[in-house]
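Notes follow once the structure below has been shown.
The values are calculated or read from the model by the stated rules, or taken from the named source; none is laboratory data. From a predicted model like this one, the values you see are computed outputs, not experimental measurements. Every residue, glycine among them, receives a Cβ derived from its backbone with ideal geometry; neighbour counts consider all protein chains shown.
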Amino acid sequence: MPRSSFSGGFSSPKVDLIVDMGNPFLNLTLDGFLKIGTVAASKVVAEETYHVVKRGSISSHNFEHSLKKMCKESAYWGSVAGIYVGVEYGAERVRGTRDWKNAMIGGAFTGALVSAVSNNNRDKIVMDAITGGAVATAAEFLNYIT
């Protein structure tokens, strides 16, 4: 039976904003904050655009609500990413090696911290730490698949 396959690749434009804070830890943390914060803001813009198209109009109240939601989501997800990247880098520096365990430590710490700030109980904080560590570790392993 004939087979066909797709050979090729997709690439997206790469945009780098370089802000030198004078410290690699701060540079990476800010970079994570800005990149993921931008993704979160873009997500909200897409969702709100869909709602405007569905309604057929936009009011100044809806526009203001959308802008506030965009800023809130951007700050939240940017902060989570900044914490994760900072802790992963810190673990790398303390351990003296770059491997999947740093991602696990960063994910677990970030999951626990975000859960604790959300006023969750101890069991939920532990579960969120486990989930954060597992997701970060899985993402790190996916980076190594060729």
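Observations on the model:
- Those residues of region 97-123 which are over 19 Å from the mean Cα position of the chain (by Cα), surrounded by 13 or more Cβ atoms within 10 Å (Cβ to Cβ) and closer than 20 Å to S79 by Cα, in sequence order: N120
- Filter pass, S79 being in contact (Cβ under 8 Å) with a residue 40 or more places away in the chain, of a type in the set (S, T, N, Q) and surrounded by 15 or more Cβ atoms within 10 Å (Cβ to Cβ): yes
- Count of residues meeting criterion [farther than 18 Å from Y89 by Cα, touching a helix residue (DSSP H, G or I) at 6+ places or on another chain (Cβ under 8 Å) and of a type in the set (D, E)] in region 105-145: 1
- In region 43-62 there is no residue matching the filter, namely being in contact (Cβ under 8 Å) with a residue 24 or more places away in the chain, among the hydroxyl-bearing types (S, T, Y) and assigned to a helix (DSSP H, G or I).
- Test for M104: is it touching a residue at least 24 places away in the same chain (Cβ under 8 Å), over 14 Å from A41 (Cα atoms) and assigned to a helix (DSSP H, G or I): yes
- Qualifying residue in region 84-96 (condition: of a type in the set (V, I, T), exposed (fewer than 14 other Cβ atoms within 10 Å of the Cβ) and modelled with pLDDT of 95 or more): yes
- The residue that is nearest to F25 (Cα to Cα), among those in region 107-146 that are aromatic (F, W, Y) and in a helix (DSSP H, G or I), is F109.
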